[in-house]
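Have a look at the structure below before the remarks.
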Amino acid sequence: MAVDGGTPGCFEHGARLYAVPSDSAFSVEETRSSYTRSDAARRRGNRPRVHWSAFVGGVLGGAFIDFSAWHTSRLTDGTALAMMFGLGGVVGFATAIGIREALVGRPHEEQVVRLPAIQIPGDIARSAPDDSTPDELVLWSVLTRRYRAARVALDELPFQSNAADASTASRTGTLTPALTQADAELAYVVARHDYEPVAELLGLRLER
């Protein structure tokens with residue numbers, strides 16, 4: 001019992017397994033491609049755009065530092081001047097890139113949107129029958145992730161003790177209003193109730 005990227009309706013991306021709902025208007029291949037293109041666009045967006053002006057800035061920065069050292073201190077040592085030229089060049093290079101992006105901006109790139117797919121938790125993938133359909137995997141994954149999120153919220157997030165405390169915090173600004181303990185407990189009870197059949201079917205542990 002296990003599913004992987006070769007299971008119909010599923011694909012792997014970045015060591016994660018995803019399922020595409022059957023009612024999606026896009027194929028598995030189109031969806032996988034959108035994830036790949038989205039990651040590539042993000043990496044390109046994070047890289048600085050090197051323009052010829054950056055190299056000019058580097059040369060001018062190094063030359064300015066050397067000229068200043070020679071003019072003010074009469075520094076003539078070749079090694080020292082070379083080191084200072086390198087330092088000034090790095091500063092000038094980075095400064096030129098920053099100024100260009102501030103004035104010109106980054107080139108416009110088409111926004112790549114990831115098509116609909118649901119990430120399948122590892123234990124769901126390991127426990128699911130080989131003949132699981134994409135819709136079953138989507139349902140089990142959604143219910144499992146909702147249950148776990150509700151449990152974490154109940155255990156770890158700060159809560160207002162009651163509605164009156166939340167109202168007071170909102171008026172005074174002393175605290176950030178949050179879900180009440182009762183709200184969190186209700187959300188957990190509902191999520192647990194929906195998750196129980198999944199845990200029983202797949203042999204997963206049901207905490208609490």
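The values are calculated or read from the model by the stated rules, or taken from the named source; none is laboratory data. Small disclaimer: the values here were computed from a predicted structure and weren't measured. Note: ideal-geometry Cβ built from the backbone for every residue, glycine included; neighbour counts use all protein chains shown. Note: areas computed on protein heavy atoms with side chains; ligands, DNA, RNA excluded. Shrake-Rupley method; radii C 1.70, N 1.55, O 1.52, S 1.80 Å.
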* Using the beta-carbon distance between S22 and R148 and R0 = 22 Å, what value does 1/(1 + (r/R0)^6) give for FRET efficiency, to the nearest 0.05? -> 0.35
* Asked: Going by accessible area, probe 1.4 Å, with all protein chains left in place, what is the ranking of F64, F93, F85, largest first?
  -> F64, F85, F93
* **V190 paired with D135, simple spin-label distance in nm, labels 7 Å along Cα-to-beta-carbon** => 2.4 nm
* To do: Please list H71, H193, H13 in order of solvent-accessible area, largest first, computed with a 1.4 Å probe with all protein chains present.
  => H193, H71, H13
* **FRET efficiency estimate (nearest 0.05) - Cβ-Cβ, L87 to E30, R0 41 angstrom** => 0.25
